[in-house]
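Below: one structure, written as structure tokens.
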Amino acid sequence: MNKLEVANVYKSFRKNEVLKDINFKANTGILGILGNHGSGKTVLMNLISGLTKPTQGRVLINGLDTVDNSIQVKERVGYLPQDFSLYDELNAYEMLGYIGKLNKMGTRQQIDDRIDEVLEWVNLKGAAYRKVGSYSPGMRRRLGISLVLIKDPDIILVDEPTTGLDPLEQIRFRALLASLGERKLILLSTHHVDDIAAICDQLIFLKNKTVDFYGTPNQWLGGIQSRIAETVIRDRNQLSELTREYKVISMKQVESGVHVRLILRSTEPYFPYTLVNTELEDALVYYS
Ligand SMILES: Nc1ncnc2c1ncn2[C@@H]1O[C@H](COP(=O)(O)OP(=O)(O)OP(=O)(O)O)[C@@H](O)[C@H]1O
């Protein structure tokens, strides 16, 4: 049985159709949900967590329909939204203890043991007695995931995992998610391709309200292999012509002109170029 199955799901808000005919199955590992602003990533996460109901179709968690079995499903799915609130006056032990008690997770000793275990995973043991209000954004995000982990869900949903974190904290948080993905199914909703490149073994690209691609990041890149080129353009007129005719990924002023990274078309270009390795950002520009 699959941990997650999304079958023929449609979602509309009044007459505004946001998602249509969404189909995929997933088990363990890290699945990235990529899409432009407003493409429906958060709506899809809300459907999977059981926070909202599909207009049509079914979402199954361990074979259980999220609508018919909402209580069991909520126990199996943990959701860390992009913005979540913490009680700044409490410390991490107190916050986790509160969740443990609220969810009747066992005796005081059992809850304390579980808190120790979870704080170890998220590398917050050293700061466990500090008020949460003094935590850095990365520590807050790691505490957020520990509040999800304490209930030992099978599926963890994380919205925009690294937004607002400094580079070192991003690396730490991604490493934490990667280690969790060995046992659980982790779904990341993001518009940062770096998150996908760093840790996702599968990706879904949402476009035109539906799943435009589902597979490995390498398979997605395969579609534009040998089509990414770089060139330096000196002439302003030639540069504006080129930006009209080609999908440009990036432009940077250099000493000898403007360095341009672009997607080649089927016809041979009229300018000298060098083929370069394909990256996920190229695919995002190409398929968007
Ligand atoms: N509760 C709601 N009522 C009405 N429309 C909604 C509701 N929630 C989402 N939408 C609409 O659904 C569409 C998709 O929104 P969603 O937040 O899922 O996009 P997203 O891909 O997560 O975007 P972003 O990257 O900006 O967070 C948007 O047009 C949004 O206005």
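Take the convex hull of the alpha carbons in region 88-162; its mean projected area over all directions comes to 5.0 nm². If the chain linking Q110 and T55 were pulled fully straight, counting 0.36 nm for each residue of separation and taking away their Cα-Cα distance, it would gain 15.7 nm.
Counted residue by residue at 0.36 nm each, then reduced by the alpha carbon distance between them, the extension gain from N277 to E17 reaches 89.9 nm. Remark: the chain carries 51 Å² of accessible area per residue (probe radius 1.4 Å; ligands, DNA and RNA excluded). A viscosity of 1.002 mPa s and a temperature of 20 °C, combined with the Kirkwood radius over C-alpha pairs in the Stokes-Einstein formula, give region 196-288 a diffusion coefficient of 148 µm²/s.
When peptides 129-137, 180-188 are ranked by their average number of other Cβ atoms within 10 Å per residue, the highest-first order is 180-188, 129-137. The heavy atoms of V193 offer some 20 square angstrom of accessible surface to a 1.4 angstrom probe. Stretching E94 away from H191 to a fully extended chain increases their span by 31.6 nm, per 0.36 nm per residue minus the current alpha-carbon distance. Computed in the context of the full set of protein chains, the accessible area of the chain at 1.4 Å probe radius has 48% of its extent on carbon or sulfur. Overall size of region 102-251 from C-alpha positions, given as principal axis extents largest first: 72, 33, 24 Å. Suppose the Debye formula is applied to equal point scatterers at every Cα of region 1-45; what is log10 I(q)/I(0) at q = 0.16, 0.17, 0.23 Å⁻¹? Log-scaled intensity ratios, in q order: -0.49, -0.55, -0.91.
Taken over the alpha carbons of region 1-120 as equal point scatterers, the Debye sum produces base-10 log I(q)/I(0) values at 0.11, 0.20, 0.23 Å⁻¹ of -0.50, -1.13, -1.29.
According to the Cα gyration tensor, what semi-axes, each the square root of 5 times an eigenvalue, does the equivalent ellipsoid of region 62-116 have, listed from largest to smallest in whole Å?
Over the Cα atoms of region 62-116, the semi-axes work out to 25, 17, 8 Å.
For D282, the shell of other residues with beta-carbons less than 13 Å away shows a net charge of 0, using +1 for Lys and Arg and -1 for Asp and Glu. Computed from the C-beta positions of S226 and S256 and an R0 of 22 Å, the FRET efficiency is 0.30 to the nearest 0.05. Among residues other than A175 with Cβ under 13 Å from its Cβ, the summed charge is +1 (Lys and Arg +1, Asp and Glu -1).
Please give the net charge around S189, taking every other residue with its beta carbon less than 12 angstrom from that of S189, where Lys and Arg add +1 and Asp and Glu add -1.
Summing Lys and Arg as +1 and Asp and Glu as -1 gives -2.
For the chain, a Kirkwood radius taken over Cα pairs fed into Stokes-Einstein (25 °C, viscosity 0.890 mPa s) yields D = 116 µm²/s.
The values are calculated or read from the model by the stated rules, or taken from the named source; none is laboratory data. Here the structure is a predicted model, which means the values were calculated and not measured. FYI the Cβ positions are ideal-geometry reconstructions off the backbone, even for glycines, and counts take in every protein chain you see. Accessible surface is based on the protein model in full, side chains and every heavy atom, while ligands, DNA and RNA are left aside. Shrake-Rupley method; radii C 1.70, N 1.55, O 1.52, S 1.80 Å.
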